[in-house]
Structure formats: structure tokens, C-alpha cells
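Visitor: Okay, here's the structure, questions in a sec.
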Amino acid sequence: MTRKLSVVMYHYVRDLKSSRFPEIKGLDFRLFVEQIEYLRRHYQFVTAQQVALCLDGAEPLPEKAVLLTFDDAYIDHYTQVFPFLDRLGIQGSFYVPAKAVSESTVLDVNKIHFTLAGQADKGQLVRSIDRLLDKFRAHREIEPFDSLVEKFAKPSRYDTAEVMLIKSLLQHGLPLDIRSQIVNELFVQTVGMDEASFSRELYMSTEQVQAMHRHGMHIGCHGYNHFWWNKLDRAAVENEIDKSLAYLQEVGVTRDLWTACYPYGSYDDQAIEILADRQCRYALTTEVGVADLQRDMRHKLPRLDTNDFPKSRDAALNTRYFEH
């Protein structure tokens, strides 16, 4: 028995080639099935409740414990992932950005995803952002574009410098009102679809979230607006968490076992303090690693990406991260 835990992070899981946006960064459902079969061979699946009890010191986890997590409440999670996991008796933890589901809006993060997926020439998107900023420069103090490029055009684990520049500018690098207007304009130009209709196509409904909860899936907090929590003042973070908790209560989640997943992986000491005040059992980051439930803070648990694991049921155990 152990207190080590591999937490796997998923976002889009779909039949990519048959979708309207085959270039979206996601996991093809066929490969998801292969990966779950690989995990069934080499790991033991655990539930959110088992993780919470282990953190409380009550029960250790089985050897090579693995927890599956799914961010952003995509419809794929209901139509593809949920029936498959339910058939195998595996619990998934699904983290819902409540506004997208309850108000039929599209999160800025997803508008950016589909704008990127719909525009092959990323340099054209960069030039469009620079041009759209000209609308604001006459009456707003905006950093020179060359300085923004120098600050944000840095490659990440999975994205080029150009893509990271676009994401950073539109997620947090520009003032909220300015970046929201630019995101909306680029989304309309690229997707060309009514936002409410696109939202209902992209995300689960509350009734679908409730159905998964009734069938034993874990439903968790992913904020209300999917803002960067480490860039908000205390009142705004409290509002994000409290409105999300109200939504979870509507779904049927009880306050004795609620967990959180930081939007964009963004957190700070203030966010951790607010979660602790509200008795959040644990919170998940996007920091890369195997969680050690004896050593790691319960509100700073690391995760591993789907791309860190083989996508073939017959693959040998990958020991880069996963040897407990």
C-alpha cells in the first residue's frame, strides 16, 4: 500500500477526424480507449473519496494508484468518456466551469482554442491581434507590441512560441475588457457561429452532469467563469468559488466531499486559503509529477497529462514518471 498517486489530466476526448475542428488539440477517442486499457494493465483506479481519505491519513492507496480527471465539461465527456468508464466501473472526476454549462456561453479559453484550430497561419492571428489593438491605443495605455512579444513569445511544453504569445495575450496579458473584445472578434471571424448554439454543441448540459453524478462520477469545482485565480483579488476569487459551489449543490454534490481543479492551473496562497476555509478536500494543479499524498499539500496536488502515458494497451510500463 502507498500514498503515491498518478493523476491523469484530460481535456477534449473525441473522434477528431470526424469533428468540425479536426485540428483542435485533443485525444482521439480510439486512443483514449487504448490508454485506459494500458492503465488497466499496469495501474489500479481509485476514486475521489479514496484520495480524500488517504489525505486524511485514514487509508493508504493501492500500489500504482491512478485517478482520471477531465477538465471543462465538454460534451465528449458525456457522450464518449462517461459510457465507457461506466461500463468498466471506473470513476472519473469531471471539473465543470459552471457559467459555460448554466448560461450557454463559450469560455474565452475555448474561443481561443477554436480560433487557433480554425486558423492555420498563426502569424496571421498575431498580426490580427496587433491590428485590433490599434483600436484601443488612442485612448488606453497599452504596452508596445514588441515588448509583449518579448514577454510572452516563449515556447511551452506543448506549444510553439507563436501559439504561446497568442494564448498569453488573450488569456491574461492584456486588460480583461480589451482581450475579451479581441477574443470575441477573432472567434466570430473564425468560427462564424452563434455563441449560444456553439456552447450547447461544445459543453454538457446540467441534466447530463447530474446524470453522471447519479452514476457515481465525481463532479468538482473548476470556477464559475474559468478566470485565472492568481490574477484576481480576494473578493473575485471568493465569488468564483462560491458561485461554483452553488452550482455543484444544484447538481447534487454534497459539501462533505468537494474538490477543485484550478482553471489554467492558476493558484496562489490566497486561493488555497479560501479553499481551505470552505473545507475543500483537495485541489489539483497542472504542475507535472506524481502526487505524494504524504508530502504534497492537499491543495497543490500535481497531475500528469494524457500525453505522458502510452496510447497502446500493449505498451510496456513507462517508468519516466510513473514508478511509485
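The values are calculated or read from the model by the stated rules, or taken from the named source; none is laboratory data. Everything quoted here is computed from the prediction, not taken from an experiment. Here Cβ is always computed from backbone atoms with ideal geometry, including for glycine, and neighbour counts include all displayed protein chains. Side chains included, ligands, DNA and RNA excluded: accessible areas come from the protein's heavy atoms. Shrake-Rupley method; radii C 1.70, N 1.55, O 1.52, S 1.80 Å.
Visitor: Among the listed pairs Lys64/Lys311; Lys25/Lys154; Lys111/Lys167; Lys4/Lys300; Lys25/Lys300; Lys151/Lys231, which are separated by more than 21 Å between their Cα atoms?
Guide: Long pairs (Cα-Cα over 21 Å): Lys25/Lys300.
Visitor: Sticking with this structure for a sec: For the chain, give the percent of accessible area contributed by carbon and sulfur heavy atoms, probe 1.4 Å, rounded to a whole number.
Guide: Roughly 46 percent of what the probe reaches on the chain is carbon or sulfur.
Visitor: For the chain, divide the Cα radius of gyration by the Kirkwood radius and give the resulting Rg/Rh value with two decimals.
Guide: Ratio of gyration radius to Kirkwood radius for the chain: 0.96.
Visitor: Report, as a whole number in µm² per second, the diffusion coefficient that Stokes-Einstein gives for the range 134-261 at 4 °C and 1.567 mPa s using the Kirkwood radius over alpha carbon pairs.
Guide: 73
Visitor: Please work out how much accessible surface His213 shows to a 1.4 Å probe, ignoring ligands, DNA and RNA, in Å² rounded to 10.
Guide: 60
Visitor: So for the chain, taking the charge dipole from beta-carbon charges (+1 Lys/Arg, -1 Asp/Glu), which of Ala271, Ser205, Leu174 sits furthest toward the positive end?
Guide: Ser205
Visitor: Specify the residue with the greatest mean-square fluctuation among Arg255, Arg313, Arg131, computed from a Gaussian network of the chain linking alpha-carbon atoms under 10 Å apart.
Guide: Arg131
Visitor: Could I ask something else about it? Please state, to two decimals, what the Cα-based radius of gyration of the range 177-321 comes to when divided by 2.2 N^0.38 Å (N = residues).
Guide: In units of the 2.2 N^0.38 Å rule of thumb, it is 1.22.
Visitor: Only Lys, Arg, Asp and Glu count, each charged at its Cβ (+1, +1, -1, -1), so figure out the dipole size of the range 50-114 about its Cα centre, rounded to 20 debye.
Guide: Dipole magnitude for the range 50-114 comes out near 140 debye.
Visitor: Right, here's the next one. Give the residue from Ile129, Val46, Leu88 lying farthest towards the positive end of the charge dipole for the chain; charges sit on Cβ (+1 for Lys and Arg, -1 for Asp and Glu) and the dipole is referred to the Cα centre.
Guide: Highest projection toward the positive end goes to Leu88.
Visitor: What ratio of Cα Rg to 2.2 N^0.38 Å holds for the range 1-96?
Guide: Output field value: 1.15.
Visitor: In terms of solvent-accessible area of protein heavy atoms at a 1.4 angstrom probe, what is the ranking of Arg87, Arg303, Arg157, highest value first?
Guide: Ranked from most to least accessible, the order is Arg87, Arg157, Arg303.
Visitor: Roll a 1.4 Å probe over the protein chains and send me the accessible area per residue for the range 17-89 in Å².
Guide: Values: 3180 Å² over 73 residues.
Computed with neighbouring chains in place, this is 44 Å² per residue.
Visitor: Something else now. Only helical DSSP H runs with n ≥ 4 go in: add -39500 (n - 2.57) per run for the chain, normalise by residue count and round the 222 nm mean residue ellipticity to 500 deg cm²/dmol.
Guide: -13000 deg cm²/dmol
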